[in-house]
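The values are calculated or read from the model by the stated rules, or taken from the named source; none is laboratory data. Worth saying up front: this structure is predicted, and the values here are computed from it rather than measured. A quick note on method: Cβ atoms are made from the backbone with ideal geometry, for glycine too, and the neighbour counts reach across all protein chains shown.
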Amino acid sequence: MKRARQTSLEEESQVYTVSELTYRLQQYLETEYERVCVEGEVSGYKVSQSGHAYFALKDEAALLNCVIWKSTRLRLGLELDDGQMVRATGGLAIYPPRGAYQLVVRQVHLAGEGLLLKRFEQLKRKLEAEGLFAPERKRPIPPLPTRIAVLTSPTGAAIRDFLKVLRGRFPGLEIDLFPVRVQGIEA
């Protein structure tokens, strides 16, 4: 009986470099998904120092990273908040150095309340029903704190100066110092 010849995967299909495959995927995504509208909940919205906005759109099962370039963000005149439901229109793009794809947003519209906001409102109603927001349960806020915590290096000149000024301005204030590294690799 003849034995079937085993072939390796390399013999059956073309072998790509990482760059070649990423380039092919980039061409495909940027052509096939040049204009796509995605609805999801905003998560992790942050505007970088350069003015670009980075965030994710998510639903119950998946997450899509998004970017709004500064010029587009200024033109839209809309700042997003975590928990908002939005419809974002743009094109898919691959960022080759990370091998990650993202939606480059060109338009965005609010689409209603997000899941996180709904959960917050549900929790608020639950706590309200338990009477936790009742005026008689509220404690008066002291005019000045009576105790603070400071996280820093206990040996630096900055903490000595800080404590000296603090004790001079607020005698009787309890100060808890928690030592942490503020320089070096482990900081």
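State whether one or more residues within region 83-101 are in contact (Cβ under 8 Å) with a residue 12 or more places away in the chain, exposed (fewer than 12 other Cβ atoms within 10 Å of the Cβ), assigned to a helix (DSSP H, G or I) and more than 15 Å from the chain's Cα centre (by Cα).
The answer is no; no qualifying residue exists.
Out of I175, I185, which single residue is hydrophobic (A, V, I, L, M, F, W, C) and loosely packed, with under 10 Cβ neighbours inside 10 Å?
I185
Looking for whichever is among the β-branched types (V, I, T) and assigned to a loop (DSSP other than H, G, I, E, B) here; the options are I175, I148, I141, I159. Which one fits?
I141
With the structure loaded, tell me whether S19 is over 12 Å from Q102 (Cβ atoms) and in a helix (DSSP H, G or I) or whether it fails that test.
Yes.
Which condition number in (1) outside any strand (DSSP E or B); (2) surrounded by fewer than 13 Cβ atoms within 10 Å (Cβ to Cβ) is the one that K118 fails?
So K118 meets the others, but not (2).
Based on what the data block shows, is L123 within 30 Å of K58 (Cβ to Cβ), out of contact with any Phe, Trp or Tyr (no Cβ under 9 Å at 6 or more places or on another chain) and surrounded by 10 or more Cβ atoms within 10 Å (Cβ to Cβ)?
On the way: within 30 Å of K58 (Cβ to Cβ): yes; out of contact with any Phe, Trp or Tyr (no Cβ under 9 Å at 6 or more places or on another chain): yes; surrounded by 10 or more Cβ atoms within 10 Å (Cβ to Cβ): yes.
Against the criterion (within 30 Å of K58 (Cβ to Cβ), out of contact with any Phe, Trp or Tyr (no Cβ under 9 Å at 6 or more places or on another chain) and surrounded by 10 or more Cβ atoms within 10 Å (Cβ to Cβ)), L123 qualifies.
Would you pick out the residues in region 9-53 that are without any contact (Cβ under 8 Å) to a residue 60 or more places away in the chain, in contact with a Lys or Arg (Cβ under 7 Å, 6 or more places away or on another chain) and exposed (fewer than 15 other Cβ atoms within 10 Å of the Cβ)?
C37, S50, G51
Which one of A149, A88, A157 is assigned by TED's automatic domain parsing to the domain that holds R24 and small (G, A, S)?
From the options A149, A88, A157, the qualifying one is A88.
Restricting to region 16-44, and then to whatever is under 17 Å from L64 (Cα atoms) and among the hydroxyl-bearing types (S, T, Y), can you tell me which residue is nearest to the chain's Cα centre (by Cα)?
Among them, the one singled out is S43.
Being at pLDDT 90 or above and among the aliphatic types (A, V, I, L, M) narrows it down to one residue among L115, L132, L103, L173; which is it?
Just a single option satisfies the conditions, and that option is L103.
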